[in-house]
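Okay, so here's the structure we're looking at.
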């Protein structure tokens, strides 16, 4: 295609040349010369041509001729001549890019003064794409921007300026790049209130003078348009007055307009800095910092803003600001501080990614590279640290870098790897530091002699102290206290000496309490004498706790009083309070609570006391009520702690933590005796039956390891991220992602109304890892349109967010404490890539009332923000609170995962099923706390589902391989706490608490098979404790199902349901209720799709080693094809032990069932076959394997309309 274009232009130019020469076709060489002449003639003719059309024609002809010449540059025959001509033209300042730029200038004038059509604009933009030199493109975009600005088409002008700025960043020479950025931004000088492009340009500038001058010019223009004086004195007074009125933006505007270099200007800017940092007004603070005179001054001011974010626990907000710093050293130090803050909060991978992404010219900045090696090694990212260290040249910086790497490798016990790098360390002090790490590793590994030998080679006192401490600790482990004392005497650092004394006391307390107390006294005296510049605060905290453990309250209080750091003192009080809770001294723990100042630490202690009260009274409902007002993090943590305790109590074999232990409590061998095979009415009783269950190799993943802390450590850093402002009509997403169909108010309507556009904007996360703070900084239009708005530590989102495949959006408490999704703006999040939410709050928010968007069943159709993750997506949500989300619209229920092509074929998705890990969160007042459709491998672990409208947890339609564990679901207003429905298979429902829900605690519905329900607690629910509706081949063991308004366990139309080792207590109806029902005649049947949700009126169940206490009845059976009973225990049922079909068989079943397994089956045949069942490697009871008596073998199929109709009438309103 390109060749065809060139050939066409070649022919056009040759035609022109032939006309000029008046002769036949000349050879190509002559035509090249003629083309060169044409270019010169057209350029000269420009000087005398006055008309825009004529100028454009001359430039087009010159460009065509130039392209012909350039196209022959690679020709073997003409390349030398072409290069000579091009060089000659360049010497005259004539190049293809220069000619194109001139033509763009002419076309820009035509846009303003020519016809009103768009032809000149379209041609100019097409030409711009042909320009190779970014400097010329910058000028071209800026020229077009000025043209549109002249026509008051400000939005288009701003967009073109942004294109100009993007190309300016490609210019390598710093001076040229800064000038280009300044020139691009000045295209909007007539619209100085358009701050977005100005911020984008000044962000990219690397010279303070260019920044401050750009700001000054725009400020003067804006103030002139408003009629203000440009005199410096008047500007200074106006700035001071606006600052006194807390009008920070105007105060800054007046200060920016003042002449550079004046002390009054700098004083005004510093005053604004102080106020805006104090008020946490980041936007104005950053602009103020960028307005200061001097590179250092700007960097210092930006550092103050960053440090403010770090101090408030939001270091990620400082990252986009750090990248604005001019000095390399300042920029690196700022990013190190940010990484340190993240690492301290548990964000290890985030910190590593940030440090590893810092780009430095190694030869020019070896000191910074060496510093980064040490920081990255400290985060245990040894491969990256080694790679970076190896890039350094020989010398002191390389030696320093490797010494830090070696020491850290030693700390982690990687002795061989550490020793292999020792030859790279060449400086004496560095070598001592490196060897100290190896020596400590040797001591920890028990190689004390080798450590002693290496100690002799150390030259630094601090290095020697570290090693002596490790050697002393090694001797303590060996109970060689004499040797430990000897090394202790050689340690000079009070903190290190105190740590050794603490270890000695810990050993001695087992045999000599008085001596242990004396040792702790000595540790306290040593720590208290530490240098105030290096106080032994942590050691004092450990000493205070150790004294408390020994019951030495006065000594503990004295050590506490010596701690100067308030936070450390609070943490120590909390540690002592936890110790008292463990001992059952709740009064003492409460007294400690009253002395804690930090609100967050106090919340944790309140949670610990509540847990202690639960341990004492075992009242689950009271415990949940006690923690309702706690901060969500403390509440979720204590509820998980309770769930783990209850699950461990029910898990009597220890299988959850050790799958080899086996699922079941040992059952005594059956007592030998005569067999029982007889017919009683409609039933046949057989005993003994074959072995009902076999187990081999069945195990569960370690659910205890899936925590918010574990997720936190894997959060990626916001590196390589790209975001943009998109338009819905041009989105790669299908319309379903914008909820254009289905029930409820379509989300898109709210967006259209809010933005007043038929095809409104959305925020696109396109690639890499992006934060919303970064997006707001890098796409200024988002700030201008207030799609993202910051108030303190809260970010309000006023547009949909779309995460494209391969991209990750990170929403973290390390950036904002709370993200508000605006309901009136139609905000929602659609995910086709990855969404990571960590340690923050995502709240549906009603800006009209300035309140969270709380909903009830009555307001179910009203739009509320939601999160929907589509096919191929990954949700990673941990340690967070999601509240007031979702409404009654398909797949917009709050937090939804669904397969389906939300993204058109433009994008390739590896898997069409969404997945994810959702751990240690609170979900409150969502339509559904969780909903999925064809999700795979999702882990829902340790979450709180609190007062959600319909369900707590609701995986649906062919979701499989799920782990639902250690969650607490309570207060579901309409239906069930935890339900899996419609072919949700091969999943674990383990260790959950489901309490005080309107429907059942746990339910398996609509052909959900092959699931394990283990060690759950489902109590005080309005329905059953555990319900199986049309869901066979499921195994429920070791569950506590108590005080439910209906049955403990209900089984309807479900085969191969196995109930082992369960506790069923004080349920209002039966402990276990097993029956069949013709759903086609039930109230539920009127709305049921029997193609999607078929049923067979067959139930078969085995009950082994269950305990039934004080239920309405023990076991009730109506119409079940077969029941197997073995060693179940019954106590104090309020009615009968056996009810329904088993009522008249009760004497036989109680006598036989205590000794061996007994089968009770219908004399008639089941209406359909009963398929074999296997859960993993767990073989379920094979009812067909139980031999049937000859006298009932040929009986007709069961019809029993009486039973079916009676039970059908009783199930209305209890569907899933």
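Values for this structure:
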{"quantity": "Out of 602, 527, 559, 536, sole residue that is over 16 Å from residue 499 (Cα atoms) and touching a helix residue (DSSP H, G or I) at 6+ places or on another chain (Cβ under 9 Å)", "calculated": "602"}
{"quantity": "In segment 687-712, residue farthest from the chain's Cα centre (by Cα) [restricted to those that are at pLDDT 85 or above and surrounded by 18 or more Cβ atoms within 10 Å (Cβ to Cβ)]", "calculated": "703"}
{"quantity": "Residue 1032 surrounded by 24 or more Cβ atoms within 10 Å (Cβ to Cβ), farther than 18 Å from residue 1124 by Cα and touching a residue at least 40 places away in the same chain (Cβ under 8 Å)", "calculated": "no"}
{"quantity": "Any chance residue 1035 is under 34 Å from the mean Cα position of the chain (by Cα) and outside any loop (DSSP other than H, G, I, E, B)", "calculated": "yes"}
{"quantity": "Residue 573 vs. criteria in contact with a helix residue (DSSP H, G or I) (Cβ under 8 Å, 6 or more places away or on another chain) and not in a helix (DSSP H, G or I)", "calculated": "no"}
{"quantity": "Sole residue being assigned to a loop (DSSP other than H, G, I, E, B) and at pLDDT 95 or above, chosen from 1047, 1018", "calculated": "1047"}
{"quantity": "Within segment 219-302, helices (runs of 4 or more DSSP H) holding 2 or more residues that are under 38 Å from the mean Cα position of the chain (by Cα)", "calculated": "248-257, 263-278, 282-291"}
{"quantity": "Matching residues, segment 1100-1110, being farther than 11 Å from residue 1073 by Cα and either surrounded by 24 or more Cβ atoms within 10 Å (Cβ to Cβ) or out of contact with any strand residue (DSSP E or B) (no Cβ under 7 Å at 6 or more places or on another chain) (or both)", "calculated": "1100, 1103, 1106, 1108"}
{"quantity": "Residue check, residue 55 crowded, with 16+ Cβ neighbours inside 10 Å, modelled with pLDDT under 50 and part of a helix (DSSP H, G or I)", "calculated": "no"}
{"quantity": "Options 802, 877: the member that is surrounded by 24 or more Cβ atoms within 10 Å (Cβ to Cβ), part of a strand (DSSP E or B) and over 14 Å from the mean Cα position of the chain (by Cα)", "calculated": "802"}
{"quantity": "Selected residue [over 29 Å from residue 470 (Cβ atoms) and surrounded by fewer than 19 Cβ atoms within 10 Å (Cβ to Cβ)] from 359, 384", "calculated": "359"}
{"quantity": "First in segment 111-138 and in the same structural domain as residue 59 (by TED's automatic domain parsing) and closer than 14 Å to residue 53 by Cβ, second anywhere and modelled with pLDDT of 90 or more and crowded, with 16+ Cβ neighbours inside 10 Å, Cβ under 8 Å, 6 or more apart", "calculated": "none"}
{"quantity": "Subset of segment 1102-1152 [without any contact (Cβ under 8 Å) to a residue 24 or more places away in the chain and not in a strand (DSSP E or B)]", "calculated": "1132, 1135, 1136, 1143, 1146, 1147, 1150, 1151"}
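This table checks each residue for (1) without any contact (Cβ under 8 Å) to a residue 60 or more places away in the chain; (2) touching a strand residue (DSSP E or B) at 6+ places or on another chain (Cβ under 6 Å); (3) buried (at least 19 other Cβ atoms within 10 Å of the Cβ); (4) part of a strand (DSSP E or B).
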residue: 758; (1), (2), (3), (4): yes, no, no, no
residue: 763; (1), (2), (3), (4): yes, yes, yes, yes
residue: 766; (1), (2), (3), (4): yes, yes, no, yes
residue: 774; (1), (2), (3), (4): no, no, yes, no
residue: 782; (1), (2), (3), (4): yes, yes, yes, no
residue: 786; (1), (2), (3), (4): yes, no, no, no
residue: 789; (1), (2), (3), (4): yes, yes, no, yes
residue: 795; (1), (2), (3), (4): yes, yes, yes, yes
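The values are calculated or read from the model by the stated rules, or taken from the named source; none is laboratory data. Please read all numbers here as calculations on a predicted model, not as lab measurements. Backbone-built Cβ (ideal geometry, glycine too); neighbour counts: all protein chains shown.
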